[in-house]
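> The structure's right below; bear with me while I get my questions together.
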Amino acid sequence: MAAFLELKEYKMLSISNLSHTYANGVSALKRVNLDIPKGMFGLLGPNGAGKSSLMRTIATLQQASSGCIKFGDIDVGADPRSIRRTLGYLPQDFGVYPRGCALGLLDHLAMLKGITNRKQRKLLVKSLLMQTNLFDVRKKRLATYSGGMLQRFGIAQALIGQPQLIIVDEPTAGLDPEERNRFHNLLSEIGEEVVVILSTHIVDDVADLCTRMAVMSDGSIVAQGMPSALIGELRGRIWQKSINKSELVAYQAKHDVISNHLSGGKLTVRVESGSPPDNGFESAQPNLEDVYFLAVGRGLQKGNSAVPTNGQPLRVSGAAE
């Protein structure tokens, strides 16, 4: 408990002016600034937004071109060994030994993490298998596991050593609804006492799990804050209307169309506006998907100038213009 109290009081992940440019000239991160406290933090963004580059930099798998990352008093760039001792990482794609079993591999990984006492290691592995609901299949080869089971194994290995900072990158992509719900419950339980960063392009994952969030686009943070507050910024500004598919281009040219959904041969378009766009539009309740699409779209249009820098909870870029 003392360790958790220390985490609550002192351990925050602070990212300051972080930039990274790859050798081929691609600028993956552009002056990223984030403060991430204890709990579940969602990082939303389309593929190629820079999420994985940011996660890899935090996990010390690559070094930033400039800027600083600190976790409590640990300078991640200057002291990567210290952050690795307190880090759990589940990348989007992780390799396993297909002929190995969860029991044996977790025991081996625990030993590599410095847990040399056999009895202690046995208790730890059993606890992780129970927590991730893999105990009954602990002796089966990983080659026989479903995608959801492999993801739960990935979380089990990430939890070895009681990490205080956990990164999960696109953890529910490809999971069926049952496995996705099971994984959500597991992440929620873990996020009660440590810093958990959930990097994803699935809006519902962030809506279901996270108390704070940020949206990335083109290597920059284009919105951040509490999901409820960001949604609240759009209250009274979202309108929807069913149109023919052939009318979409004309509506996109005339209105700020956030998204469109096809149902029964008709398109429902959602528009952001301070007043009814035209006849036939009805007021709609805003949601996190509206926040996401607006932030990404306006972030691409305006770049980092759309992001306030006053340290206050950020508004959706341009949502209240």
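> When you go through (1) under 30 Å from LYS139 (Cβ atoms); (2) in contact with an Asp or Glu (Cβ under 8 Å, 6 or more places away or on another chain); (3) surrounded by fewer than 16 Cβ atoms within 10 Å (Cβ to Cβ) one by one for LEU90, which number turns out not to apply?
All conditions pass for LEU90, except number (3).
> I need the full set of residues from the range 57-68 which are in contact with a Gly (Cβ under 7 Å, 6 or more places away or on another chain) and more than 19 Å from LEU90 (Cα to Cα), in order please.
ALA64, CYS68
> Of all residues being under 32 Å from the mean Cα position of the chain (by Cα) and outside any strand (DSSP E or B) in the range 252-277, which is surrounded by the fewest Cβ atoms within 10 Å (Cβ to Cβ)? Just the residue, please.
Step by step, filter the range 252-277, then rank; the result is GLY274.
> With respect to SER199, is the statement that it is assigned to a helix (DSSP H, G or I) and among the small types (Gly, Ala, Ser) true?
It is false that SER199 is assigned to a helix (DSSP H, G or I) and among the small types (Gly, Ala, Ser).
> Let me ask you something else. If I filter the range 100-109 for residues that are acidic (Asp, Glu) and in a loop (DSSP other than H, G, I, E, B), do I get at least one hit? So that I can check it myself, show each step before the final result.
First pass over the range 100-109, keeping only residues acidic (Asp, Glu): 107.
Going one step further and asking which of them are in a loop (DSSP other than H, G, I, E, B), we end up with none.
There is no residue in the range 100-109 that is acidic (Asp, Glu) and in a loop (DSSP other than H, G, I, E, B).
> While we're looking at this one, here's another question. Report yes if ASP205 is modelled with pLDDT of 85 or more and of a type in the set (Asp, Glu), otherwise no.
It is true that ASP205 is modelled with pLDDT of 85 or more and of a type in the set (Asp, Glu).
> Can I ask one more? Which numbered condition trips up ASP208, out of (1) in contact (Cβ under 8 Å) with a residue 60 or more places away in the chain; (2) assigned to a helix (DSSP H, G or I); (3) of a type outside the set (A, V, I, L, M, F, W, C)?
ASP208 satisfies all of (1) in contact (Cβ under 8 Å) with a residue 60 or more places away in the chain; (2) assigned to a helix (DSSP H, G or I); (3) of a type outside the set (A, V, I, L, M, F, W, C) except (1).
> Follow-up question, since we're still on this one. Restricting the search to the range 134-150, which residues are under 18 Å from GLY88 (Cβ atoms) and either polar (S, T, N, Q) or not in a helix (DSSP H, G or I) (or both)?
So in the range 134-150, the residues under 18 Å from GLY88 (Cβ atoms) come out as 134, 150.
If the condition is that a residue be under 18 Å from GLY88 (Cβ atoms) and either polar (S, T, N, Q) or not in a helix (DSSP H, G or I) (or both), then LEU134 is the only one that fits.
> Name, by its number, the condition in (1) in contact with a Leu (Cβ under 9 Å, 6 or more places away or on another chain); (2) under 21 Å from LEU103 (Cα atoms); (3) buried (at least 16 other Cβ atoms within 10 Å of the Cβ) that does not hold for ILE166.
If we test ILE166 against (1) in contact with a Leu (Cβ under 9 Å, 6 or more places away or on another chain); (2) under 21 Å from LEU103 (Cα atoms); (3) buried (at least 16 other Cβ atoms within 10 Å of the Cβ), just (2) comes out false.
> Something else: So for the range 240-248 (the condition being hydrophobic (A, V, I, L, M, F, W, C) and either touching a residue at least 24 places away in the same chain (Cβ under 8 Å) or surrounded by 21 or more Cβ atoms within 10 Å (Cβ to Cβ) (or both)), does at least one residue qualify? Before the answer, list the steps.
Of all residues in the range 240-248, those hydrophobic (A, V, I, L, M, F, W, C) come to 243, 248.
Still in the running and either touching a residue at least 24 places away in the same chain (Cβ under 8 Å) or surrounded by 21 or more Cβ atoms within 10 Å (Cβ to Cβ) (or both): 243.
The answer is yes; a qualifying residue exists.
> Here's another thing I want to ask about it. Say we look at the range 1-20 and pick out the residues that are modelled with pLDDT under 95 and of a type outside the set (A, V, I, L, M); which of these is farthest from GLY67 (Cα to Cα)?
Here the answer is PHE4.
> Any residue at all in the range 152-163 that is closer than 29 Å to PRO286 by Cβ and either touching a residue at least 60 places away in the same chain (Cβ under 8 Å) or among the polar types (S, T, N, Q) (or both)?
Scanning the range 152-163 turns up no residue that is closer than 29 Å to PRO286 by Cβ and either touching a residue at least 60 places away in the same chain (Cβ under 8 Å) or among the polar types (S, T, N, Q) (or both).
The values are calculated or read from the model by the stated rules, or taken from the named source; none is laboratory data. Treat the numbers as computed from the prediction; the structure is a model and nothing was measured. Quick reminder, even Gly has a Cβ in these numbers, built from the backbone with ideal geometry, and neighbours come from all protein chains shown.
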